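The values are calculated or read from the model by the stated rules, or taken from the named source; none is laboratory data. Because the structure is predicted, anything quoted here is derived from the model rather than measured. Because the Cβ atoms are built from the backbone with ideal geometry, glycine has one as well, and the counts that use them run over all protein chains shown. The protein model used for the area step is the full one, side chains on, heavy atoms only, and it has no ligands, DNA or RNA in it. Shrake-Rupley method; radii C 1.70, N 1.55, O 1.52, S 1.80 Å.
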Amino acid sequence: MTKENAIIATGWNLDNSYGRLPKSFFTSLNPIPVRSPKLIFLNDPLATSLGLNVEALQSKDGVAVLAGNRIPEGALPLAQAYAGHQFGHFALLGDGRALLLGEQITPQGERFDIQLKGSGQTPYSRRGDGRAALGPMLREYIISEAMHALRIATTRSLAVVTTGESVIRETELPGAILTRVAASHLRVGTFQYVSEWGTAPDLQVLADYTLQRHFPDVDNAPNRYLLLLKEVVRRQAVLIAKWQLVGFIHGVMNTDNMALSGETIDYGPCAFMDAYDPATVFSSIDVQGRYAYGNQPYIAGWNLSRFAETLLPLLHVNQAQAVKLAQDAISDFTELYHDHWLAGMRAKLGLFNQEIQDETLIEDLLSMMQKYHADYTNTFRALTFDKPDDTILFGISEFTQWHELWQARLGRQQEPKDSSRQLMQNSNPALIPRNHRVEAALEAAVKQGDYSVMERLIDALSNPYAHSPQQADYSSLPLSTVPYRTFCGT
């Protein structure tokens with residue numbers, strides 16, 4: 001079999017619709033080859049769903065593609081330009097260490113971006129080396145796949161390869177490349193870039209492309225750009241509500257990290273909350289708590305306002321009317337988010353119907369959890385299986401009274417308690433990617449070359465609603481009381 005045939009057998013079926021947009025939107029260039037790539041992780045189920053041949057991907061030629069040493073047939077690699085508000089400050093950005101190979105068309109006709117992260121310098125690298133360290137790439141693999149299992153829209157990780165080369169951060173670290181799969185890499189920051197440095201026709205081209213790519217059902221509506229804004233608002237409301245419901249903290253909610261598809265993107269300093277506290281921050285660079293857990297809905301609204309600003313020329317020929325349309329659309333976010341969050345919280349407490357006092361019941365529980373430093377995930381798991389003695393709140397008079405009110409509320413439903421428990425099992429994960437577990441897996445992999453710890457963790461996280469006995473150990477809390485900190489890992 002020739003090398004060319006080996007690549008074809010892999011199943012790549014790439015299109016390049018983004019590459020047909022105005023040339024100012026991107027820079028075409030190839031990945032920079034690496035010394036000795038080695039496949040560390042391959043997501044077999046994801047590869048199969050994309051129409052790729054798992055065995056061929058594991059071959060020398062397959063790994064060469066995942067490392068950027070070989071360009072698959074149909075690929076036209078490019079680095080996307082975008083801008084963004086980073087901690088509130090606007091800047092010109094772009095893919096500084098990533099390249100879009102193309103868009104894989106699956107056997108079902110779906111389209112997914114295939115991006116190599118850590119593939120070398122680009123014109124947008126801003127003095128960076130364009131490479132990535134192994135630890136952060138493994139971290140993205142773990143968390144993105146955990147988010148997928150938690151039924152939260154997310155980019156996904158197809159593979160991680162080591163490069164055989166080192167990268168220099170604070171110390172010398174092993175280099176790696178992650179293959180990221182996304183519905184697209186269109187961001188709020190993409191529109192900010194075109195709005196700031198492009199032309200009016202460029203902006204319309206980008207908006208039309210986004211509609212065709214993600215919102216084809218509204219493409220022919222009378223004011224399709226207003227509907228584009230409303231759909232992005234709706235998807236973000238759903239996404240952020242789901243983040244809050246599982247205690248996920250993104251850590252760096254810059255506008256360039258908000259995907260218009262509604263997927264979670266860019267897992268840098270992210271982490272999951274242990275003890276419930278809206279002020280929880282993990283990122284070492286978020287010294288002001290801008291992106292704290294409790295602030296995430298507000299920041300999402302702020303980011304969406306920046307997106308709306310870019311669309312003003314398309315919303316109406318009259319500036320004042322355009323602003324009014326944008327403001328009305330953005331104002332919907334708060335209610336949409338709240339409705340999805342409240343529905344999710346009702347499900348976490350086994351409530352099928354609605355009563356006016358439900359929100360008070362929920363807020364009282366959260367207030368107690370914050371006051372007594374109760375673990376967020378494990379408290380809801382204990383309630384799910386009617387084991388209040390498994391939570392730190394057990395024996396506290398406030399909680400006893402709350403528990404009685406909750407039981408009375410459940411009793412006013414038509415649905416039996418068994419149905420409520422099933423609803424809670426489907427809404428409350430047995431485990432999350434505990435920060436100390438993730439760190440242990442990364443340390444074993446990076447420092448010892450032992451990937452078995454990570455493999456077991458990924459397996460446990462693959463079905464978080466199973467509530468199996470095997471998952472119990474992964475629900476334990478860290479022994480250390482030292483505050484956990486995350487880093488961007490760039």
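Computed quantities for the displayed model
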| item | result |
| --- | --- |
| Test: residue in segment 462-480 that is at pLDDT 95 or above, open to solvent by 60 Å² or more (accessible area, probe 1.4 Å) and either under 28 Å from the mean Cα position of the chain (by Cα) or not small (Gly, Ala, Ser) (or both) | yes |
| Evaluation of TYR225 against (1) farther than 30 Å from HIS436 by Cα; (2) touching a Cys at 6+ places or on another chain (Cβ under 7 Å) (one fails), failing number | (2) |
| Subset tally (residues that are open to solvent by less than 30 Å² (accessible area, probe 1.4 Å), without any contact (Cβ under 8 Å) to a residue 60 or more places away in the chain and part of a helix (DSSP H, G or I)) for segment 292-304 | 6 |
| Filter result for the condition that a residue is farther than 30 Å from TYR465 by Cα, open to solvent by 40 Å² or more (accessible area, probe 1.4 Å) and at pLDDT below 95, over GLN288, GLN327 | GLN288 |
| First in segment 317-332 and under 24 Å from ALA237 (Cβ atoms), second anywhere and charged (D, E, K, R) and open to solvent by 40 Å² or more (accessible area, probe 1.4 Å), Cβ under 8 Å, 6 or more apart | ALA326/GLU309; ALA329/LYS230; ASP332/LYS230; ASP332/ARG234 |
| Within segment 165-183, tally of residues that are of a type in the set (Gly, Ala, Ser) and without any contact (Cβ under 8 Å) to a residue 40 or more places away in the chain | 1 |
| Only listed residue being more than 30 Å from TYR465 (Cβ to Cβ), touching a Lys or Arg at 6+ places or on another chain (Cβ under 8 Å) and aliphatic (A, V, I, L, M), chosen from VAL181, VAL205, VAL218 | VAL218 |
| The listed residue being among the acidic types (Asp, Glu), farther than 30 Å from LEU57 by Cα and open to solvent by less than 40 Å² (accessible area, probe 1.4 Å), out of ASP202, ASP208, ASP217 | ASP202 |
| Search result, residues across segment 98-123 that are open to solvent by less than 40 Å² (accessible area, probe 1.4 Å), out of contact with any Lys or Arg (no Cβ under 9 Å at 6 or more places or on another chain) and assigned to a loop (DSSP other than H, G, I, E, B) | THR106 |
| Filter result for the condition that a residue is at pLDDT 95 or above, at positive phi and out of contact with any Leu (no Cβ under 8 Å at 6 or more places or on another chain), over GLY88, GLY51, GLY11 | GLY51 |
| Search result, residues across segment 247-262 that are of a type in the set (Val, Ile, Thr) and open to solvent by 10 Å² or more (accessible area, probe 1.4 Å) | VAL252 |
| Qualifying positions in segment 151-172 - in contact with a strand residue (DSSP E or B) (Cβ under 7 Å, 6 or more places away or on another chain), surrounded by fewer than 21 Cβ atoms within 10 Å (Cβ to Cβ), modelled with pLDDT of 95 or more and assigned to a loop (DSSP other than H, G, I, E, B) | ILE152, ALA153 |
| Residues satisfying the stated conditions in segment 263-285, i.e. surrounded by fewer than 19 Cβ atoms within 10 Å (Cβ to Cβ) and in contact with a Leu (Cβ under 9 Å, 6 or more places away or on another chain) | ALA275, PRO278 |
| Exclusive hit being loosely packed, with under 13 Cβ neighbours inside 10 Å, more than 22 Å from the chain's Cα centre (by Cα), on the phi < 0 side of the Ramachandran plot and basic (Lys, Arg), set ARG412, ARG421 | ARG412 |
| Search result, residues across segment 82-91 that are surrounded by fewer than 23 Cβ atoms within 10 Å (Cβ to Cβ) and within 21 Å of ALA132 (Cβ to Cβ) | GLN86, ALA91 |
| Residue under evaluation LEU312, criteria (1) of a type outside the set (Ser, Thr, Tyr); (2) more than 29 Å from ASP375 (Cβ to Cβ); (3) touching a residue at least 60 places away in the same chain (Cβ under 8 Å), criterion not met | (3) |
| Residue selected from segment 134-150 under the condition closer than 20 Å to LEU39 by Cβ and of a type in the set (Gly, Ala, Ser), by the criterion most open to solvent (accessible area, probe 1.4 Å) | GLY135 |
| Inter-residue pairs, beta-carbon under 9 Å, first over 20 Å from GLY120 (Cβ atoms) and in a loop (DSSP other than H, G, I, E, B) and in segment 79-94, second open to solvent by less than 30 Å² (accessible area, probe 1.4 Å) and among the acidic types (Asp, Glu), 6+ apart | PHE87/ASP286 |
| Where THR486 falls short, out of the listed (1) out of contact with any Gly (no Cβ under 9 Å at 6 or more places or on another chain); (2) of a type in the set (Ser, Thr, Tyr); (3) open to solvent by less than 10 Å² (accessible area, probe 1.4 Å) | (1) |
| Some residue of segment 132-143 being assigned to a loop (DSSP other than H, G, I, E, B), over 22 Å from ALA259 (Cα atoms) and not hydroxyl-bearing (Ser, Thr, Tyr) | no |
| Qualifying position, being over 28 Å from ARG126 (Cβ atoms), open to solvent by 60 Å² or more (accessible area, probe 1.4 Å) and touching a Phe, Trp or Tyr at 6+ places or on another chain (Cβ under 8 Å), among GLU55, GLU73 | GLU73 |
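Yes or no, residue by residue, for (1) in contact with a His (Cβ under 9 Å, 6 or more places away or on another chain); (2) surrounded by fewer than 18 Cβ atoms within 10 Å (Cβ to Cβ); (3) among the polar types (S, T, N, Q):
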{"residue": "GLN357", "(1), (2), (3)": "no, yes, yes"}
{"residue": "THR360", "(1), (2), (3)": "no, yes, yes"}
{"residue": "MET368", "(1), (2), (3)": "no, no, no"}
{"residue": "TYR372", "(1), (2), (3)": "no, yes, no"}
{"residue": "THR379", "(1), (2), (3)": "no, no, yes"}
{"residue": "ASP386", "(1), (2), (3)": "no, yes, no"}
{"residue": "ASP390", "(1), (2), (3)": "no, yes, no"}
{"residue": "GLY395", "(1), (2), (3)": "no, yes, no"}
